[in-house]
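The values are calculated or read from the model by the stated rules, or taken from the named source; none is laboratory data. In this text, all values refer to a predicted model and were calculated from it rather than measured experimentally. Here the Cβ positions follow ideal geometry from the backbone for every residue, glycine too, while neighbour counts run over all protein chains shown. The protein model used for the area step is the full one, side chains on, heavy atoms only, and it has no ligands, DNA or RNA in it. Shrake-Rupley method; radii C 1.70, N 1.55, O 1.52, S 1.80 Å.
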Amino acid sequence: MRTILSCSALAILLACSGVAGAADGDLDPGWTTDAEYPGYGFYPGGFGVDKANSVEAVLPAAQERVYLVGNMQTGVDSYRMSVYRLLSNGLADHDFGAGGLRTHPTPCAEARVTDAAIDRMQRLWLVIGGCGDFLAYRLDANGDLDPSLLGTGVLSIPFDLGGDNEDHASRIALLDDGSVLLAGRARVSDGNPSRALAVAHFDADGQPMAGFGDEGRATLAMSESPAIVNGLHRMNDGRMV
């Protein structure tokens with residue numbers, strides 16, 4: 001289950017971090033405060049305490065900064081993909097976006113960020129599920145869509161194997177050669193099981209990796225339909241777990 005924090009819950013979490021005499025494994029009393037946005041933790045007040053926001057990935061940034069990547073609710077059944085950048089002390093990095101926050105509209109109403117990764121060039125890769133195909137957005141260090149990826153910054157990978165063709169990407173792994181692995185599920189039929197485990201392997205330019213599956217796509221039929229992929233790891237010998 002992914003971590004879901006409401007704004008008010010996060011404010012309580014941060015307020016409780018001021019514990020004296022912290023030891024290894026304890027909350028760090030010197031990291032962050034809610035003083036910048038009283039009553040909201042460090043979420044900007046415009047999103048309000050009645051909204052449900054989720055953090056799907058915590059990633060290292062340059063100069064010991066940190067990215068929080070996820071989804072921010074802006075209204076009833078309305079979300080934006082969000083990236084916070086924090087300083088090494090946990091406060092918002094005001095050199096990034098507005099108060100440390102960049103958001104992007106979702107490509108469809110059901111879209112949610114499911115995972116994220118950062119490459120050697122400090123570009124963020126956001127995985128989006130819910131729009132029917134495997135989707136990945138690549139953002140530059142300023143949080144803008146990176147047009148050097150296919151001219152749009154968006155990588156769309158349809159499997160389209162059957163049924164309603166509703167495929168869903170949930171995990172990402174970036175490899176040393178710059179290529180990207182996406183894992184999730186692919187619809188194969190309207191029967192039972194109706195979904196297969198699905199993995200896509202594409203290069204940093206958004207092109208299928210030669211020799212991997214069918215044009216960079218591979219699927220594995222299972223006796224029961226997979227609901228969600230919760231982890232993705234590539235072993236040194238090339239096998240994937």
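Structural remarks
- The range 93-164: C-alpha gyration tensor shape, a/c 1.5 cut-off, then a/b vs b/c: prolate
- Rounded Å value of the spacing that divides the Cα centres of the range 177-210 and the range 87-157: 19
- Checking every one of the GluC sites (Glu not before Pro) in the range 157-241 against DSSP loop status and a limit of 10 other Cβ atoms within 10 Å picks out GLU224.
- Loop-located trypsin sites (Lys or Arg not before Pro) in the range 105-198 (DSSP state other than H, G, I, E, B) with a sparse environment of at most 11 neighbouring Cβ atoms within 10 Å: ARG120.
- Solvent-accessible heavy-atom area per residue, rounded to whole Å², over the range 100-241 at 1.4 Å: 47
- 5 angstrom amide H check on ASP146, placed H, neighbours 5+ away: ARG138, LEU139, ASP140
- Taking the inverse of the mean reciprocal distance over all distinct Cα pairs, the Kirkwood hydrodynamic radius of the range 175-241 comes to 12.8 Å.
- The range 110-241: C-alpha pair distances exceeding 26 Å, %: 18
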